[in-house]
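Q: If you scroll down you'll find the structure; I have some questions about it.
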Amino acid sequence: MSVPETQVTNDELSTRLDTSDEWIRSRTGIRSRHIASPADSVAGLGTEAAVQALKSAKVEASDVDMIILATTSPDHFMPATATQIQQNLNAKNACAFDIQAVCSGFLYALSIADQFIRTGSASNVLVIGAEIMSRMVDWSDRSTCILFGDGAGAVLLGKREQPGILSTRLYSDGAGYDMLYSDVSDAAFPRGKVVMNGRAVYSTAVEVMEESIRAALAQNELDVSDVDWLILHQANKRIIESVATRLGLPFEKVVVTIESFANTSSATIPISLALTDLKRGELVVLSSMGAGFTWGAAVLRW
Ligand code: COA
């Protein structure tokens, strides 16, 4: 994982906005977030995370045959930011492309990578989630800007006889299109600024993540009691706790990283993977929900 150096606490935000550490912490669980400087880029953060993933997998960049970058905040609308990462890594033998499924982007990218590996079309796939959300929020809107942070995480998926990814399941519902989107009508925000119906997003997130996790476990003939770790998209600590409570999963099995990183969109799950002490053989369930709406779940044997 990789995050920009600068950390911004709730107290610092409350000097510029009509908000408080108490409000932000009690409503969201967030204490601080990392915010990019003008010198930071999505490609730079994604590259740093990818270098670590390659190192820990002991795979050379030249052996990577696909790079999938999940991002909502690409450095440029064209070309794909993934190609810049490819160049930075000197991953000459890879194809590289971006995918856009907002906060579910990492799960979508993981699922695409899994299909390519299962069909034998790829052997080593870098899956990266990288975002600079701070360039897409209106810093005078206290209801949205306090929620987001910047960062990246990456995994290297390799071909194995016994697949570690037991299943992935993706969903979307365009009926939620205008519940969370980037508004490009204001010239002051060339990338658009995040507009959100917080309550609608909140209740949908709790419902669909619970449903998709139950469906994913059932598909693998597994039960909630088999789960060692639940890693959810980190949008709001209360959402995470509600899903765990509805599933009947003890909180010690639930990964919470939102306190220090806030919502880094497609990067929250790979950042959380990097920060969790996962042991071989453990059963890990991932789930996310984001704008679109998009959502999904994955079941992994680590
Ligand atoms: N500081 C202080 N007050 C704030 C505030 C802030 N940063 N943001 C909003 N408020 C105020 C509102 O203006 C409102 O005041 P009013 O009652 O006088 O009108 C009050 O707090 C309640 O606002 P509301 O939006 O109803 O709060 P909430 O309890 O729904 O919490 C969110 C807001 C955004 C934290 C919550 O809805 C949420 O987390 N939603 C999901 C967000 C999400 O997951 N997004 C990403 C999905 S990928």
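Readers should treat all values here as calculations from the given coordinates under stated rules, not as data from a laboratory. Just so we're clear, the structure is a prediction, and the values are computed from it rather than from any experiment. Every residue, glycine among them, receives a Cβ derived from its backbone with ideal geometry; neighbour counts consider all protein chains shown.
Q: Could you work out how much longer the chain between residue 6 and residue 241 gets when fully extended? Use 0.36 nm per residue separation minus the Cα distance between them, nm to one decimal.
A: 81.8 nm
Q: Mind giving me the FRET efficiency for residue 183 and residue 87? R0 is 25 Å, r the Cβ-Cβ distance, nearest 0.05 is fine.
A: FRET efficiency, residue 183 to residue 87: 0.20.
Q: Which chymotrypsin sites (Phe, Trp or Tyr not before Pro) in region 34-129 sit in a loop by DSSP (not H, G, I, E or B) and have at most 10 other Cβ atoms within 10 Å of their own Cβ?
A: Those that pass, being in a loop and sparsely packed, are 77.
Q: Please compute the length gained on full extension between residue 252 and residue 226, using 0.36 nm multiplied by the number of residues separating them and subtracting their Cα-Cα distance.
A: Gain on stretching residue 252 to residue 226: 8.0 nm.
Q: On a C-alpha basis, how far is the centre of region 282-302 from the centre of region 1-44 in Å? Whole number, if you could?
A: Computed from Cα coordinates, the inter-centre distance equals 25 Å.
Q: Moving on to the next point. Hey, can you grab everything whose amide H is under 5 Å from the amide H of residue 123? Only 5+ residues off in sequence or another chain; H modelled, so Pro and N-termini drop out.
A: Amide H neighbours of residue 123, under 5 Å, 5+ apart: 65.
Q: Sticking with this one: Please return the longest stretch of the chain lacking exposed loop sites, where trypsin sites (Lys or Arg not before Pro) count only if DSSP places them in a loop and at most 11 other Cβ atoms lie within 10 Å.
A: 161-278
Q: Using amide H atoms built in the peptide plane, which far-off residues or other-chain residues are under 5 Å from residue 101 H to H?
A: For residue 101, whose amide H was placed from the backbone, the distant partners under 5 Å are 71.
Q: Just give me a number: lysine pairs in the chain, eight or more positions apart or cross-chain, with C-alpha atoms less than 29 Å apart.
A: Lysine pairs satisfying the spacing and distance rule in the chain number 15.
Q: For region 179-190, in order, what is each residue's ³J(HN,Hα) by Karplus, 6.51 cos²θ - 1.76 cosθ + 1.60 with θ = phi - 60°, in whole Hz (x at glycine and Pro)?
A: My calculation for region 179-190 gives 8, 7, 7, 9, 8, 9, 6, 9, 4, 5, 10, x Hz in order.
Q: Right, another one. Taking θ = phi - 60°, what integer Hz values does the Karplus form 6.51 cos²θ - 1.76 cosθ + 1.60 yield along region 82-97, in sequence order, with x for Gly and Pro?
A: These are the phi-based 3J(HN,Hα) values: 4, 5, 5, 5, 4, 5, 4, 7, 6, 8, 4, 9, 9, 9, 9, 8 Hz.
Q: Same structure again: Please list, in order along region 5-11, the HN-Hα scalar couplings obtained from phi with the Karplus expression 6.51 cos²θ - 1.76 cosθ + 1.60 (θ = phi - 60°), rounded to whole Hz, x for Gly and Pro.
A: Values per residue, Gly and Pro as x: 5, 6, 10, 10, 8, 4, 4 Hz.
Q: With n ≥ 4 as the cut-off for DSSP H runs, can you work out [θ] at 222 nm for the chain, using -39500 (n - 2.57) per run divided by the number of residues, rounded to the nearest 500?
A: When only DSSP H runs of four or more count, the value is -10000 deg cm²/dmol.
Q: Next question, about the same structure. For residue 275 and residue 173, calculate 0.36 nm times their separation in residues minus their Cα-Cα distance, and state this gained length in nm to one decimal.
A: 33.6 nm
Q: Moving on to the next point. Apply 1/(1 + (r/R0)^6) to the Cβ-Cβ distance of residue 302 and residue 214, taking R0 = 22 Å, and write down the FRET efficiency to the nearest 0.05.
A: With a Förster radius of 22 Å, E is 0.60.
Q: Next up: Using 1/(1 + (r/R0)^6) with R0 = 22 angstrom and r between the beta carbons of residue 20 and residue 140, what's the FRET efficiency to the nearest 0.05?
A: 0.85
Q: Label residue 39 and residue 51 with points 7 Å out from Cα along Cα→Cβ: what is the distance between them in nm?
A: So the two model labels end up 1.4 nm from each other.
Q: For region 224-240 and region 70-133, what is the separation of their C-alpha centers, rounded to whole Å?
A: Comparing the Cα centres of region 224-240 and region 70-133, I get a distance of 24 Å.
Q: Got the relative contact order for region 194-302 handy, in percent, Cα pairs under 8 Å and 6 or more residues apart?
A: Contact order relative to length: 34 percent.
Q: Hey, for a label at residue 282 modelled as a point 7 Å past Cα toward Cβ, could you say which residues of region 232-273 have their backbone N under 13 Å away?
A: 232, 252-256, 272-273
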